[in-house]
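Taking it in order: structure first as structure tokens, then the write-up.
Where a number appears in this text, it was derived from the coordinates with a stated rule and is not lab data. Note that the structure is a prediction, hence the values are computed from the model and not measured. Positions of Cβ are backbone-derived with ideal geometry, glycine not excepted, and every protein chain shown enters the neighbour counts.
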Amino acid sequence: MSVVIIGGGQAGLQVADSLRSGGYPEAVTVIANEPGLPYQRPPLSKDYLSPEGSPAPLPLRAASFFADKEITLRSGVRAAAVDRAARTVTLGNGEQVDYRHLVFATGAANRALTCPGADLPGVHLLRTLSDAAALHADLAAARRVVVVGAGFIGLEVAAAARARGCEVTVLEFAPGPMGRALSPVTGAWFAAAHTRAGIRLQFSEGIASLEPGMDGRVGWAVSTTGARYRADLVVAGIGVVPNDALAAAAGLETGNGIGVDAALRTSDPSVLAVGDCASFPSAHTGARIRVESVQNATDQGRHAARTILGAAEPYTDLPWFWSNQGSLRLQIAGLSAPGDQLVTSGDPESGKFSVLCFRDGRLAAVESVNSPGEHLGARKLLAAGISPAPEEVTVPGFSLKTLAR
Ligand code: FAD
């Protein structure tokens, strides 16, 4: 009997690694439908897109890791069905693998563009290494880039394309950037900074259709206001949907992700779910959420291994996130929410500052711009449950880093 992990991404590999470091003695198998060695996704929208960006992926673990840790990596094959009564996973090639514990670490898939012309050559989504390789190749010849969606990935791609000298337009139907995860104060600062860098940001304007140019590739993006933008490359970053269909077909509870309890167990206690695909009760918001970040995938991977090894503690790790948009470095600790009291520390004019988000008078999240020391301080304070008073923050010399010492 063994642990079978479906998905060879950040979360799945962490489960395997932590099982071994926790002393799990039985077989561990990772079923990964992407070919080759599992790799890190964050560079795909950052360094990978620079002109000198290496098309070589950054592996999550060296090839020797799998042999050293006696972890079987089955890459290039998908898990096609799960029989929970028989405790077997059937692979796409018909093979069956038995499990004692099964972990879904199936991640998420890009939400596709559905407007007319979405299938034209030159229209890209970005999730996988092969997506990134195709985008990197097209960027080399691109002059006018339209990005659909001013989320983290859309703005990272926009900044990379601008740094390569492209004319860049971002269409976003919301009134500001990164609105799902960022306060309006920090969002407005990023919008101004990207505008200064020469990126045209069109808010409250979605994509209506894409039209071909003379060469049959994408040539124009038409927005919901009827405006037409020249485009020889279009990248859509309009969010993801969790890969939960296999879990649903196996009779597990799903709904915007695979539902798990505080110990990351699904409605079947021998089956767990972690990372982008998991919908879990958040100790920080009190609500059921899904988080798409390296931190969440890694920490949930560690936590699921502990659950399998016999602990059944609630997952409480502090959420944190980063996004590098050109030279702008955004780091977020905790989860902000609409209605938070926002207090700025530092001088936004200097390009280095933090926005502290208070809920019911207590620190709930901190958004730091080009201030890694403040971000680390925020993480320490939030994890320890220590909160400054909102009025302390504006006192000259206030520093989260100092307070956290
Ligand atoms: P994934 O990494 O998606 O891995 C899941 C794997 O499971 C995939 O390979 C999938 O193909 C596979 N799979 C699915 N179904 C099956 C099946 N039936 N059988 C076999 N295999 C299957 N996060 C940050 O914190 N900071 C960043 O700067 C950042 N930048 C990002 C940039 C890009 C371009 C992208 C795409 C993501 C970025 N993220 C970032 C998010 C972060 O990479 C993800 O949250 C993280 O990778 C999630 O890990 P995961 O293991 O849950 O899912």
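A few remarks follow.
- Looking at region 1-143, the DSSP beta bridges with both ends there are about 35 percent antiparallel.
- Computing FRET efficiency as 1/(1 + (r/R0)^6) for D119 and F398, where r is the C-beta to C-beta distance and R0 is 51 Å, gives about 0.45.
- Scalar couplings 3J(HN,Hα) for region 87-96, obtained by applying the Karplus form with A = 6.51, B = -1.76, C = 1.60 to θ = phi - 60°, are 6, 10, 10, 9, 7, x, 8, x, 5, 10 Hz; x denotes Gly and Pro.
- Rounded FRET efficiency, nearest 0.05, which uses the C-beta distance separating D68 from N256 and R0 of 30 Å: 0.20
- Here the label points at A86 and A134, each 7 Å from Cα along the C-beta direction, are separated by 3.5 nm in the simple model.
- Neighbour net charge for A249 - beta-carbon separation under 14 angstrom, K R +1, D E -1: -2
- The distance between label points at L309 and R362 comes to 3.0 nm (points 7 Å beyond Cα on the Cα→Cβ vector).
- Using the Cβ of E367 as centre and a radius below 11 Å, the other residues enclosed give a net charge of -2, where K and R count +1 and D and E count -1.
- Straight-distance crosslink candidates among lysines, where the alpha carbon sits under 24 Å from K352 and sequence neighbours closer than 8 are dropped: K46, K380, K401
- Cα-based reach from K69 at 17 Å (exclusive), listing aspartates and glutamates while leaving out same-chain residues under 8 positions away: D17, E26
- Note on D47 and A249: the model spin-label points, each 7 Å out from Cα along the C-beta direction, lie 3.7 nm apart.
- Rounded to the nearest 0.05, the FRET efficiency derived from the C-beta distance between E211 and R111 at R0 = 25 Å is 0.70.
- Each peptide among 29-37, 231-239, 99-107, 4-12 gets the average number of other Cβ atoms lying within 10 Å of its residues, and from highest to lowest they stand as 4-12, 99-107, 231-239, 29-37.
- Where both bridge residues fall in the chain, DSSP classifies roughly 60% of the beta bridges as antiparallel.
- Charge context of F358, other residues only, Cβ under 13 angstrom, K/R +1, D/E -1: -3
- Label point of S270 set 7 angstrom out along Cα-Cβ; within region 81-125, amide nitrogens under 11 Å from it belong to 83-89, 98-102.
- Built amide H within the under 5 Å cut-off of I258, gap 5+: A278, S279
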